Structures are given as C-alpha cells and as structure tokens.
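The values are calculated or read from the model by the stated rules, or taken from the named source; none is laboratory data. Fair warning: this is a prediction, and the values are worked out from it, not measured in the lab. Cβ: placed from backbone, ideal geometry, glycine included. Neighbour counts: every protein chain shown.
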Amino acid sequence: AQTSNAAQIFNNNCAACHIGGGNILISQKTLKKEALSQYLENYNSDSIQAIIYQVQNGKNAMPAFKSKLSTQEILEVASYVFQKAEQGW
Ligand code: HEM
C-alpha cells in the first residue's frame with residue numbers, strides 16, 4: 001500500500017510517542033478526538049491551527065518541531081492528525 005507524505009512525516013516524527021494515535025508518555029493525552037477536544041487548547045474552535053501550534057512549539061515533554069519540520073510539513077501532519085482523529089484512527 002502507498003503511504004502518503006503526511007503519513008510518512010507522522011511515522012518519522014510522531015509515532016515514537018503517538019503510535020496509533022496514542023500517547024506513551026501521558027496516557028490520557030492521546031490524539032483521539034475526545035482527548036483533543038478535552039485537553040488541547042483551542043481545538044474546539046480551530047482544530048488544525050491548534051494542532052499546528054502544539055507541533056511548532058511543543059509542550060512539556062513534547063519537543064518543538066518548528067526548527068525540524070517546514071511550515072508545509074507541519075501543516076500536512078496537522079491535517080493528517082485531524083483527519084485520523086475524525087476517523088477514529
Ligand atoms: C501531546 C501531536 C510528537 C509527546 C500532543 C498533542 C498533539 C500532539 C496534537 C495534544 C494531545 C492532547 O492534548 O490530547 C504531535 C505531533 C507530533 C508529536 C503531530 C509529531 C510532529 C511527539 C513526540 C513526543 C510527543 C516525538 C515524545 C517525545 C507528547 C506529550 C504530549 C503530547 C508528552 C502531552 C503534552 C502535555 O500536555 O503535557 N502531541 N506530537 N509528541 N505529545 Fe505530541
């Protein structure tokens with residue numbers, strides 16, 4: 001099966017901690033729709049922008065990616081996470 005660019009970005013940069021949309025460090029802070037709605041600031045008003053902000057800046061044990069991924073790559077991976085959350089991973 002073909003793997004999209006966004007899926008590759010996720011697999012290479014995020015899956016180590018977020019495999020399957022989970023969170024190996026803080027188990028409740030997953031990338032599932034219910035968790036994002038509950039824990040991620042501004043997710044309910046502007047979902048993709050809220051994910052972009054977290055990826056750019058990191059939070060606590062999550063590293064920042066703004067110097068590692070391009071603006072375009074961050075947009076792609078944030079859109080991918082949003083889509084997977086809507087689909088239930
Ligand atoms: C939280 C995305 C990489 C560790 C989150 C959240 C998102 C996210 C959207 C909010 C989840 C929620 O509040 O329910 C991503 C993406 C990544 C990435 C798209 C790749 C570009 C990583 C990596 C690690 C990590 C590599 C571990 C080294 C964490 C932790 C939290 C978190 C610990 C909870 C932060 C807190 O609120 O204290 N991540 N993540 N993430 N992520 Fe990531």
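Considering GLU34, GLU73, GLU86, the condition of being among the charged types (D, E, K, R) and free of Cβ contacts under 8 Å to residues at least 24 places away in the same chain is satisfied by GLU34 alone.
Checking ASN60, ASN44, ASN23, ASN13 one by one, the residue that is near the ligand (Cβ under 7 Å from one of its atoms) and touching a Ser or Thr at 6+ places or on another chain (Cβ under 7 Å) is ASN23 and no other.
The helices (runs of 4 or more DSSP H) found entirely in the chain that carry 1 or more residues being surrounded by fewer than 18 Cβ atoms within 10 Å (Cβ to Cβ) and among the hydrophobic types (A, V, I, L, M, F, W, C) are 5-13, 15-18, 47-57, 71-87.
Kindly provide the set of residues from region 26-41 that are near the ligand (Cβ under 6 Å from one of its atoms) and either of a type outside the set (Val, Ile, Thr) or over 12 Å from the mean Cα position of the chain (by Cα) (or both), ordered by number. Can you show your working first?
Of all residues in region 26-41, those near the ligand (Cβ under 6 Å from one of its atoms) come to 26, 29-31, 35-36, 39-40.
ILE26, LYS29, LEU31, ALA35, LEU36, TYR39, LEU40 - these are the residues of region 26-41 that are near the ligand (Cβ under 6 Å from one of its atoms) and either of a type outside the set (Val, Ile, Thr) or over 12 Å from the mean Cα position of the chain (by Cα) (or both).
Answer yes if at least one residue in region 63-79 is aromatic (Phe, Trp, Tyr), more than 10 Å from the ligand (Cβ to nearest atom) and at pLDDT 95 or above, and no otherwise. The answer is no; no qualifying residue exists. In region 19-28, the qualifying residues are those that are in contact with a helix residue (DSSP H, G or I) (Cβ under 8 Å, 6 or more places away or on another chain) and not hydrophobic (A, V, I, L, M, F, W, C), and the one that is nearest to LYS84 (Cα to Cα) is GLY21.
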